[in-house]
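Report on one structure; see the data block that follows.
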Amino acid sequence: MMNDRFLRACRREPVDCTPIWLMRQAGRYLPEYRKLRERHSMLEAIKTPDVAVEITLQPMRRFDLDAAIIFGDILPPLESMGVEVRFTSGDGPAIMNPVRIAADVERLRVPVAEEIAPYTQEAIRLTSKELAGRVPLIGFSGAPFTLASYLVEGGFSRDYSLTKGLMYQEPAVWHGLMDKLSHLVGTYLRAQARAGAQALQLFDSWVGILSPADYREFVLPYSRRAIEMAGGEGTPVIHFTTGTAGMLELIREAGGDVIGIDWRTDLDSAWERLGANVSVQGNLDPVLLLAPVPQLTRRAALVLDQAAGHLGHIFNLGHGVLPATPPDHVEALVEMVHSRTA
Ligand code: CP3
């Protein structure tokens, strides 16, 4: 491995400077991505390994990023359970057969590893060959809760009342659903590691809508199981959430070698609560990439200052790169982070 800064930070080993990669570093803010998407729908891009490889590598050609993340989405792996996923332009993706009652959960298949998004597993094999050890490749999955919320709501939701309704009114059905999803997620992450992913990120992007009590009862055991299955053979696991400042300790309890945090918590106070024996990823507000570069780098410096003195900081945003981001601001950010010795 020529650049192992990112993996060293996952293990809390000393680094020459802080590693940086960005969630959604491959995406709509890049003109070359938008150009490719004119010729391929979202699902087609994900399901055609050569296209997914190309999109994964686009930001790596432009910027000195310390890790690549395989191009894909959290929803297509659900098709292996018999779920119908559709990406509409405008409204985002939709689940055509939402999961609402016991019979819906019973109908969900529990697939074997080879059946779960095989095109992404192939894209990982091809990308790691292409990267040839220059930088590590990250695989990912949606977390059981974020996937369940999409399955139950059928799409994006403002208040998640159907998801919470299922939890509160039919707890046995909820637990049955989360049981199946945690197996899917654990199996899929493990398969990605076998295909060549050197780190794995669990995206629990929506879990911040829950109270700590609900998280503990209805989610924590399932995230823990997925993380244990994923990291079983020593692959570092990044546990990413947003809006969870009120329950960081519970996120930590669920597991992960690296805890991803958003901008709503200061890095230094987050680390104090998480304990020194875990790495931390984050946490610049993605909107700062739209700000003038001096403002952007000032706030990025604040993030680095808050992490100073800790081993195991991975610089990232608190959530994904926004489509309106100027690519040269990403370049300025990467250079600034690398210019400071850790
Ligand atoms: O960091 C990464 O690039 C990993 C890949 C990834 C994508 N989406 C790529 C993507 C991941 C982990 C996601 C997460 C995701 N996807 C969630 C969890 C919430 C979150 O944002 O963290 C959900 C609910 C989805 C489903 C989904 N996919 C939605 C709601 C949308 C439309 C909204 C949006 O942001 O575009 C997508 C499309 C999507 N997923 C794109 C990308 C790069 C844009 C595709 C395009 O239009 O070209």
Compute the separation of the alpha-carbon centres of segment 209-252 and segment 1-47 and state it in Å as a whole number.
23
Relative contact order of the chain, defined on C-alpha pairs under 8 angstrom at six or more residues apart (%):
22
Quick one: order D204, D214 from most to least accessible surface, probe 1.4 Å.
D214, D204
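Apply 1/(1 + (r/R0)^6) to the Cβ-Cβ distance of E331 and E228, taking R0 = 25 Å, and write down the FRET efficiency to the nearest 0.05.
For E331 and E228, the calculated efficiency is 0.05.
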Given the protein chains as shown and a 1.4 Å probe, how many square angstrom of L57 are accessible, to the nearest 10?
10
Kirkwood-based Rg over Rh for segment 1-101 (C-alpha set), two decimals?
1.07
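Counting Lys +1, Arg +1, Asp -1, Glu -1, what net charge surrounds V135 among other residues with beta carbon under 10 Å of its beta carbon?
Working: positive: R5, R134; negative: D4, D64, D66.
Summing Lys and Arg as +1 and Asp and Glu as -1 gives -1.
Hey, what's the chain come to in accessible area per residue, 1.4 Å probe, Å²? Don't jump to the answer; show the numbers that get you there.
On the way: 13750 Å² over 342 residues.
Solvent-accessible surface per residue comes out at 40 Å².
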If I take every Cα pair under 8 Å that is 6 or more residues apart in segment 1-92, average their sequence separation and divide by the length, what percent do I get for the relative contact order?
27
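Quantify how much of the Cα-Cα distance distribution of segment 255-342 extends past 22 Å, in percent.
Working: 870 of 3828 pairs.
In whole percent, the long-distance tail amounts to 23.
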Share of alpha-carbon pairs per 10 Å distance bin for the chain, given as whole %:
6, 27, 36, 25, 6, 0
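Please work out whether segment 207-263 counts as rounded, prolate or oblate from its C-alpha gyration tensor, where a ≥ b ≥ c are the square roots of the eigenvalues and a/c under 1.5 means rounded, while otherwise a/b larger than b/c means prolate and anything else oblate? Mind showing how you got there, number by number?
Values: a/c = 2.73, a/b = 1.45, b/c = 1.88.
In terms of gyration-tensor shape, oblate.
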Can you list the aspartates and glutamates whose alpha carbon is less than 16 Å from that of K47, not counting same-chain residues fewer than 8 positions off?
E38, D73, E79, E84, E114, E115, E122
Could you check the spin-label model distance between L162 and A132? Points 7 Å from the Cα along Cα→Cβ, value in nm.
4.9
Cα coordinate range in segment 154-235, projected on the principal axes (Å, largest first)
40, 24, 23
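I'd like the antiparallel share, as a percent to the nearest 5, of DSSP beta bridges with both residues in the chain.
For the chain, the DSSP antiparallel bridge percentage is about 15.
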Which value at 222 nm does the chain reach when only helices count, each DSSP H run of 4 or more adding -39,500 (n - 2.57), with the total divided by all residues and rounded to the nearest 500 deg cm²/dmol?
-14000 deg cm²/dmol
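Only sites in a loop by DSSP and with at most 16 other Cβ atoms within 10 Å count here; which trypsin sites (Lys or Arg not before Pro) in segment 18-106 make the cut?
R28
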Compute the angle between helix 49-62 and the longest alpha-carbon principal axis of the chain, please, reported from 0 to 90 degrees and rounded to the nearest 10.
30
Give the angle, between 0 and 90 degrees and rounded to the nearest 10, that separates the Cα long axis of helix 327-339 from the longest principal axis of the Cα atoms of the chain.
60
With a ≥ b ≥ c taken as the square roots of the eigenvalues of the C-alpha gyration tensor of segment 71-148, please select rounded if a/c is under 1.5 and otherwise prolate if a/b is larger than b/c or oblate if it is not?
prolate
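Relative contact order, percent, of segment 156-298 when contacts are C-alpha pairs under 8 Å separated by at least 6 residues?
On the way: 170 pairs, mean separation 27.6, N = 143.
Relative contact order, segment 156-298: 19 percent.
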Given a Förster distance of 35 Å, the FRET efficiency implied by the Cβ-Cβ spacing of S211 and R86, rounded to the nearest 0.05, works out to 0.65
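Please pull out the direction-averaged projected area of segment 184-342, using the convex hull of its alpha-carbon atoms, in nm² to one decimal place. The partial results should precede the final answer.
Details: hull surface 39.1 nm².
Its average projected convex-hull area is 9.8 nm².
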May I ask you to list the chymotrypsin sites (Phe, Trp or Tyr not before Pro) in segment 262-342 that are in a DSSP loop and have at most 14 other Cβ atoms within 10 Å of their Cβ?
none
Add +1 for every Lys or Arg and -1 for every Asp or Glu among the other residues with Cβ under 12 Å from the Cβ of N316, and state the total.
-2
Roughly how many whole Å is it from the C-alpha centroid of segment 275-337 to that of segment 83-118?
34
Inter-probe distance in nm under a simple model that places probes 7 Å from Cα toward Cβ, at H40 and D266
4.4
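The values are calculated or read from the model by the stated rules, or taken from the named source; none is laboratory data. Values in this document were obtained by computation on a predicted structure and should not be read as measured data. Cβ coordinates were reconstructed from backbone atoms using ideal geometry, including for glycine residues, and neighbour counts include every protein chain displayed. Just so you know, the surface numbers come from the protein's heavy atoms only, side chains and all, with ligands and any DNA or RNA stripped out. Shrake-Rupley method; radii C 1.70, N 1.55, O 1.52, S 1.80 Å.
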